[in-house]
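The block underneath contains the structure these notes are about, expressed in structure tokens.
The values are calculated or read from the model by the stated rules, or taken from the named source; none is laboratory data. Keep in mind that this is a model prediction, so the values were computed, not measured. Here the Cβ positions follow ideal geometry from the backbone for every residue, glycine too, while neighbour counts run over all protein chains shown.
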Amino acid sequence: MATCTVPTDLDVLVVGAGFSGLYSLHRLRQMGRSVHVVEADDDLGGVWYRNRYPGARCDIESVDYCYSFDDSIVQEWTWTERYPAQPEILRYIRFVANRLALRPDISFSTRVVSMHWDVDAALWRVNTDRGDRINTRHVIMASGQLSKPQLPAIEGIADFAGQLVHTGDWPRDGVELSGRRVGVIGTGSSGVQTIPQVAKQAALTTVFQRTAHYAIPARNQLLDPDYVADLKSRFQEYREAARHHPGGTHRKIGTESALDVDPQALHETFQRHWENGGPDILAAYRDFRFDEQAAEKAGAFVRDRIRDIVEDPETAEKLCPKGYPFGSKRLVLEIDYYTTFNRPDVDLVDVAADPIARVEGRDIVLESGRRHELDVLVLATGFDALTGPLFAIDLRGKDGRTLEEAWADGPATYLGISTHGFPNLYVVAGAGSPSVISNVLVSIEQHVEWITDLVQYLYKNGLDVAEAELEAQERWTQEVYDVAAPTLFMQGNSWYLGANVPGKPRVFALYLGGVGHYRDICDRVAAQDYEGFTLSTAPS
Ligand code: NA7
């Protein structure tokens with residue numbers, strides 16, 4: 001795609017042209033700021049551009065996973081499925097970008113390689129891989145939470161003699177799967193979504209599973225036009241409720257303990273959730289997030305359903321999640337996943353029992369010496385989440401320290417938005433905020449509005465610099481950890497904890513205090529003239 005030149009002097013540079021970056025661009029343009037977006041990919045869409053693997057779909061309902069800021073856009077767009085598939089989301093993002101004429105202010109195929117804060121000029125000096133040198137007062141990092149694919153540390157994998165692909169960076173022209181022997185490593189959301197689709201085409205599908213994840217039927221379906229029309233007629237009211245809901249959704253939150261309910265009633269509740277599909281079962285009882293025994297009630301129910309569906313008892317047992325609490329990793333929504341293992345051309349290999357030793361030529365070699373010869377190897381091995389995309393840039397703040405050095409013990413932020421020592425740098429829906437533990441579209445809109453309001457406040461008041469105070473940052477970071485500490489999330493070896501990336505500090509970096517509560521805190525800070533930030537003019 002043809003791309004435009006990046007202006008050399010800007011009020012605001014936005015990094016990334018996904019949901020966050022596009023809304024940031026629109027809002028700042030409306031505020032009259034000089035703003036430009038740089039995007040490493042050759043088109044817009046962010047994760048929804050790159051995750052083009054067969055079966056890719058959002059695990060939040062389409063009517064919630066969309067913008068609300070412009071009601072005419074709400075009225076003009078009509079979602080077709082309960083859980084939107086990647087092509088439909090990408091069409092939506094393109095529709096919004098075209099509708100708001102955003103493309104002229106985006107430079108594609110342009111990756112930021114370094115960003116250094118110039119203290120005297122109070123500017124970020126930014127370099128891109130196309131040789132652009134940009135001076136910008138503010139930078140909004142809209143570079144995504146799950147945008148840096150994580151490759152497994154398996155000897156010889158880079159030299160795999162067949163075709164190697166990662167779900168998070170799926171080739172634009174697709175991958176020929178039909179008639180081929182396809183291996184999939186990873187059984188999180190991406191693996192569970194793609195395995196049934198791969199199996200429909202491949203001659204043989206071999207699934208390498210290290211941990212069985214809890215998966216619930218999505219019960220995806222075409223949306224009833226009357227339902228969509230009704231929602232549209234009261235969409236702002238509908239979204240307003242989500243803005244004040246802990247998860248940014250409409251999920252009903254149970255008030256009872258799963259330990260106080262009699263087994264029959266418990267079973268009926270679980271069965272209802274299983275039949276309705278979707279992740280709402282996570283909130284069926286108030287103690288699912290905190291009490292292992294309570295969560296285990298749901299865990300046992302799911303294992304029983306797997307045993308009902310999967311015909312081979314040995315395969316069923318391998319697919320049963322064990323050893324960690326239900327809900328402590330992201331709950332996976334499945335479509336035809338468990339039934340796929342009833343196919344004669346699908347194999348499940350338990351690589352917890354017999355780990356992958358190395359890749360040799362076209363073979364995956366297990367520690368036992370068993371070999372699996374493949375034509376295509378699909379890595380559904382997840383992402384270096386939240387911090388990965390930020391650390392990929394040589395990003396240096398006031399004292400020349402990199403962000404990676406500043407966050408050596410885990411993300412340290414004020415409100416998840418800003419970091420002491422890195423003035424005028426804002427992260428949208430990143431670590432320290434509700435981010436992807438909520439309906440991220442609600443969180444993105446809230447962040448973009450709050451951040452752009454702050455930028456505009458500075459300009460209106462003749463100020464140049466906003467820097468998070470160290471004390472405010474320490475308090476907030478502690479709050480993030482304290483809220484997470486009593487939850488079962490601390491027990492799941494998930495990307496939420498950074499557990500999937502060797503050497504990453506094991507901290508729960510998302511704010512679990514709830515989207516509505518978080519919004520109130522941010523609003524209070526803004527109302528008190530951005531309490532916790534030092535606001536100043538440029539030294540020179
Ligand atoms: P996830 O949820 O991080 O899942 C990655 C999967 O890959 C998971 O099953 C891992 O097993 C597995 N994995 C990673 N490395 C290896 C090695 N070396 N050997 C075997 N298996 C491995 O990523 P997804 O892309 O599925 O989903 C990420 C988010 O995107 C998701 O939560 C939604 O929010 C959307 P493990 O569990 O670590 O044992």
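Could you list all residues from the range 319-342 that are of a type in the set (Lys, Arg) and crowded, with 20+ Cβ neighbours inside 10 Å?
Taking the range 319-342 first, the residues of a type in the set (Lys, Arg) are 322, 329-330.
If the condition is that a residue be of a type in the set (Lys, Arg) and crowded, with 20+ Cβ neighbours inside 10 Å, then 329, 330 are the ones that fit.
Taking the stated definitions as given, is residue 526 at pLDDT 95 or above and under 19 Å from residue 290 (Cα atoms)?
Working: at pLDDT 95 or above: yes; under 19 Å from residue 290 (Cα atoms): no.
When the stated conditions are applied, residue 526 does not pass them.
Scanning for something farther than 20 Å from residue 192 by Cα and either modelled with pLDDT of 95 or more or within 16 Å of the ligand (Cβ to nearest atom) (or both), does the range 309-317 turn up at least one residue? First the steps, then the outcome.
First, the residues of the range 309-317 that are farther than 20 Å from residue 192 by Cα: none.
The answer is no, given that none of the residues of the range 309-317 is farther than 20 Å from residue 192 by Cα and either modelled with pLDDT of 95 or more or within 16 Å of the ligand (Cβ to nearest atom) (or both).
Take the range 99-127 and flag every residue that is assigned to a helix (DSSP H, G or I) and free of Cβ contacts under 8 Å to residues at least 60 places away in the same chain.
Those that are assigned to a helix (DSSP H, G or I) and free of Cβ contacts under 8 Å to residues at least 60 places away in the same chain: 99, 103.
For residues that are more than 23 Å from residue 494 (Cα to Cα), out of contact with any helix residue (DSSP H, G or I) (no Cβ under 8 Å at 6 or more places or on another chain) and of a type in the set (Val, Ile, Thr), tally how many sit in the range 157-205.
So the answer is 2.
Do we find a residue being more than 13 Å from the ligand (Cβ to nearest atom), of a type in the set (A, V, I, L, M, F, W, C) and surrounded by fewer than 16 Cβ atoms within 10 Å (Cβ to Cβ) anywhere in the range 437-459?
no
Working only within the range 408-427, note down all residues that are more than 20 Å from residue 388 (Cβ to Cβ) and either in a strand (DSSP E or B) or among the hydroxyl-bearing types (Ser, Thr, Tyr) (or both). So that I can check it myself, show each step before the final result.
Here is the first cut: in the range 408-427, the ones more than 20 Å from residue 388 (Cβ to Cβ) are 414-415, 420-421, 423-424.
Residue satisfying the conditions is 414 alone.
Tally up the residues in the range 352-405 that are in a loop (DSSP other than H, G, I, E, B), surrounded by fewer than 20 Cβ atoms within 10 Å (Cβ to Cβ) and aliphatic (A, V, I, L, M), please. Even if it seems obvious, please write down each step before you answer.
So the first thing to find is which residues in the range 352-405 are in a loop (DSSP other than H, G, I, E, B), and the list is 352-355, 361-362, 367-370, 374-375, 380-382, 384-387, 392-393, 397-401.
Still in the running and surrounded by fewer than 20 Cβ atoms within 10 Å (Cβ to Cβ): 352-355, 361-362, 367-370, 375, 392, 398-401.
Add one more test, that the residue is aliphatic (A, V, I, L, M), and what stays is 352-353, 392.
Residues in the range 352-405 being in a loop (DSSP other than H, G, I, E, B), surrounded by fewer than 20 Cβ atoms within 10 Å (Cβ to Cβ) and aliphatic (A, V, I, L, M): 3 in total.
Are any of the residues in the range 342-349 within 12 Å of the ligand (Cβ to nearest atom), at pLDDT 95 or above and within 26 Å of residue 274 (Cβ to Cβ)?
Taking the range 342-349 first, the residues within 12 Å of the ligand (Cβ to nearest atom) are 349.
Filter again for at pLDDT 95 or above, leaving 349.
Next, from what is left, pick out any that are within 26 Å of residue 274 (Cβ to Cβ): none.
Looking for residues that are within 12 Å of the ligand (Cβ to nearest atom), at pLDDT 95 or above and within 26 Å of residue 274 (Cβ to Cβ), one finds none in the range 342-349, hence no.
Quick check on the range 180-219: of everything there that is assigned to a strand (DSSP E or B) and among the aliphatic types (A, V, I, L, M), which residue is nearest to the ligand (Cβ to nearest atom)? Spell out the reasoning first.
Residues of the range 180-219 that are assigned to a strand (DSSP E or B), as a first pass: 181-185, 204-209, 215-217.
In the following step, the residues that additionally are among the aliphatic types (A, V, I, L, M) were identified as 182, 184-185, 204, 207, 215-216.
On the way: 182: 16, 184: 9, 185: 5, 204: 19, 207: 10, 215: 11, 216: 14 Å.
Filtering first and then ranking leaves 185.
Search the range 133-153 for residues that are over 16 Å from residue 34 (Cβ atoms) and in a loop (DSSP other than H, G, I, E, B) and pair each with any residue that is within 16 Å of the ligand (Cβ to nearest atom) and of a type in the set (S, T, N, Q) when their beta-carbon atoms are under 8 Å apart and the residues are at least 6 apart or on different chains.
Once the first residue is over 16 Å from residue 34 (Cβ atoms) and in a loop (DSSP other than H, G, I, E, B) and sits in the range 133-153, its partners that are within 16 Å of the ligand (Cβ to nearest atom) and of a type in the set (S, T, N, Q) give 142/20; 144/20; 145/435; 150/381; 150/500; 151/381; 152/381.
Which one of these is under 27 Å from the mean Cα position of the chain (by Cα) and under 22 Å from residue 55 (Cβ atoms): 385, 352, 408, 392? Spell out how you get there, then give the answer.
Details: 352 fails: under 22 Å from residue 55 (Cβ atoms); 408 fails: under 22 Å from residue 55 (Cβ atoms); 392 fails: under 22 Å from residue 55 (Cβ atoms).
Selected residue: 385, the only one of 385, 352, 408, 392 that is under 27 Å from the mean Cα position of the chain (by Cα) and under 22 Å from residue 55 (Cβ atoms).
How about the range 220-235: which of its residues are in a helix (DSSP H, G or I) and basic (Lys, Arg)?
Residue satisfying the conditions is 232 alone.
What do you reckon, is residue 267 touching a Gly at 6+ places or on another chain (Cβ under 7 Å) and over 19 Å from residue 81 (Cβ atoms)? Walk me through it before giving the result.
Values: touching a Gly at 6+ places or on another chain (Cβ under 7 Å): no; over 19 Å from residue 81 (Cβ atoms): yes.
Against the criterion (touching a Gly at 6+ places or on another chain (Cβ under 7 Å) and over 19 Å from residue 81 (Cβ atoms)), residue 267 does not qualify.
Okay, residues lined up against (1) in a helix (DSSP H, G or I); (2) loosely packed, with under 15 Cβ neighbours inside 10 Å; (3) within 16 Å of the ligand (Cβ to nearest atom):
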position: 174; (1), (2), (3): no, yes, no
position: 178; (1), (2), (3): no, yes, no
position: 237; (1), (2), (3): yes, yes, no
position: 245; (1), (2), (3): no, no, no
